[in-house]
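Contents: one structure, followed by commentary.
The values are calculated or read from the model by the stated rules, or taken from the named source; none is laboratory data. None of the values given here were measured: they were computed from a predicted structure. Every residue, glycine as well, gets a Cβ built from its backbone with ideal geometry; the counts of neighbours run over all protein chains shown.
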Amino acid sequence: MATDGEVLTPENPRGLRDLPFAVPNVTSAERARARRIADALRAHYPDAHCELNYRTPHELLIATILSAQTTDVGVNKATPALFKRFPKPMDYAASSAAEIEPFVKSLGFFRQKAKSVHSAMTDVVERFGGEVPRTMDELLTLRGVARKTANVVLGNAFGINVGFVVDTHIERLSKRFGLADWDANVQQVERRLCALMPRDRWCELSHQIIWHGRRACQARRKGCGDHPVCRGYGTCCELRG
Ligand code: SF4
């Protein structure tokens with residue numbers, strides 16, 4: 001056992017000391033329960049994956065920027081033509097936000113998103129040699145990129161787990177599963193998940209939780225208490241209101 005409840009194990013060899021925040025203390029019983037939920041999610045959603053379509057790290061970065069407050073399905077409809085017209089980061093940098101807009105106008109906030117995509121790709125070209133950076137700090141310097149987007153890119157494009165993606169599904173499910181308090185904010189949910197879940201599975205688990213949120217865990221909580229992922233873990237339907 002290291003500091004802050006950090007456990008060094010074969011699956012978590014570096015511990016959590018390199019994270020830019022302190023993880024909360026959790027008990028071994030809480031961690032064991034979280035592990036059982038993680039195993040149930042893996043058993044039920046073994047093929048869970050990022051549902052944004054992309055072929056390269058810069059395409060994933062763009063798709064994730066575009067996905068803010070819209071569906072992955074909507075983004076996947078827009079990106080084929082966008083990626084065809086602008087195959088490389090330098091193609092965006094040589095263009096303008098106004099030239100990107102027509103390709104993303106089916107999405108909400110498309111003017112802001114076009115500006116973010118143009119600015120981020122220009123920075124990738126001018127400051128990072130045309131390669132998407134691989135650190136949280138560098139990614140956060142790009143327009144349109146907050147922790148959630150950076151975690152998506154690092155985990156999926158590079159296999160780097162330095163945080164836990166917390167979208168609306170993961171926030172809701174974490175609370176319904178009893179992994180975070182009902183009144184926890186997004187930052188607190190991320191830190192709890194980092195403390196509770198095996199680090200080498202953070203990215204995989206983010207997809208499995210999102211898949212459960214999209215496919216089973218509806219806002220109304222109707223008829224789902226017997227779901228194999230939830231049964232037996234003291235879910236919201238049984239114990240938590
Ligand atoms: S029991 Fe239903 S509402 Fe509760 S976490 Fe499971 S799927 Fe969601």
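Residue by residue, here is whether (1) farther than 16 Å from residue 172 by Cβ; (2) at pLDDT 90 or above; (3) assigned to a helix (DSSP H, G or I); (4) of a type outside the set (Gly, Ala, Ser) holds:
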residue: 204; (1), (2), (3), (4): yes, yes, yes, yes
residue: 207; (1), (2), (3), (4): no, yes, yes, yes
residue: 211; (1), (2), (3), (4): no, yes, yes, yes
residue: 217; (1), (2), (3), (4): no, no, no, yes
residue: 222; (1), (2), (3), (4): no, no, no, yes
residue: 225; (1), (2), (3), (4): no, no, no, no
residue: 230; (1), (2), (3), (4): no, no, no, yes
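When you look at residue 117, is it aliphatic (A, V, I, L, M), surrounded by 14 or more Cβ atoms within 10 Å (Cβ to Cβ) and either in contact with a Ser or Thr (Cβ under 7 Å, 6 or more places away or on another chain) or outside any helix (DSSP H, G or I) (or both), yes or no? Talk me through it step by step, then tell me what you get.
Numbers: aliphatic (A, V, I, L, M): yes; surrounded by 14 or more Cβ atoms within 10 Å (Cβ to Cβ): yes; either in contact with a Ser or Thr (Cβ under 7 Å, 6 or more places away or on another chain) or outside any helix (DSSP H, G or I) (or both): no.
When the stated conditions are applied, residue 117 does not pass them.
Is it the case that some residue within the range 52-63 is modelled with pLDDT of 95 or more, within 18 Å of residue 205 (Cα to Cα) and buried (at least 16 other Cβ atoms within 10 Å of the Cβ)?
Among the residues of the range 52-63, at least one is modelled with pLDDT of 95 or more, within 18 Å of residue 205 (Cα to Cα) and buried (at least 16 other Cβ atoms within 10 Å of the Cβ), which makes the answer yes.
Tell me, which helices (runs of 4 or more DSSP H) lie completely within the range 126-193 with 2 or more residues that are more than 19 Å from residue 51 (Cα to Cα) and of a type outside the set (Lys, Arg)?
Those helices (runs of 4 or more DSSP H) span 136-139.
Any residue in the range 197-207 that is more than 10 Å from the ligand (Cβ to nearest atom) and aliphatic (A, V, I, L, M)?
Yes, there is a match, as at least one residue in the range 197-207 is more than 10 Å from the ligand (Cβ to nearest atom) and aliphatic (A, V, I, L, M).
Can you go through 217, 194 and tell me which one is more than 21 Å from residue 43 (Cβ to Cβ), touching a residue at least 40 places away in the same chain (Cβ under 8 Å) and either buried (at least 21 other Cβ atoms within 10 Å of the Cβ) or in contact with a Gly (Cβ under 9 Å, 6 or more places away or on another chain) (or both)?
Among 217, 194, only 194 is more than 21 Å from residue 43 (Cβ to Cβ), touching a residue at least 40 places away in the same chain (Cβ under 8 Å) and either buried (at least 21 other Cβ atoms within 10 Å of the Cβ) or in contact with a Gly (Cβ under 9 Å, 6 or more places away or on another chain) (or both).
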